[in-house]
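Reviewing the structure listed below.
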Amino acid sequence: PGRGAAGADGHRRVVHAPSVGSTRRWPAFLVALLATAAFIELRALDQGRWSYAESMPTVFTMGLSPLVQLALTGTLAVLIAWRAGGPARPR
């Protein structure tokens, strides 16, 4: 059964949210996460909030591990929220 709310006529309206599990959406989602991570890193570096040790691998002056960490934690957060009661999964 889908989730929904009763309309003015008393009939239940089913709301179908896009599936988080859709493989077509993940590449765009990952690109958005990496772009957000890059923005955060570049801004913090520009403002002098932190710097990297010589041993830190960098990609275009940004630390590699912070970029990967932000992308992975964003992905995990969405997956955990989805499993915990997000939109109903397609059957």
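Taken together, the values in this text are just the output of simple stated rules run on the coordinates, not laboratory data. This structure is a prediction, so every number in the text was calculated from the model and none was measured. Here the Cβ positions follow ideal geometry from the backbone for every residue, glycine too, while neighbour counts run over all protein chains shown.
Between the beta carbons of A28 and E54, assuming R0 = 41 Å, the FRET efficiency works out to 0.75 to the nearest 0.05. Between the beta carbons of D46 and A84, assuming R0 = 35 Å, the FRET efficiency works out to 0.45 to the nearest 0.05.
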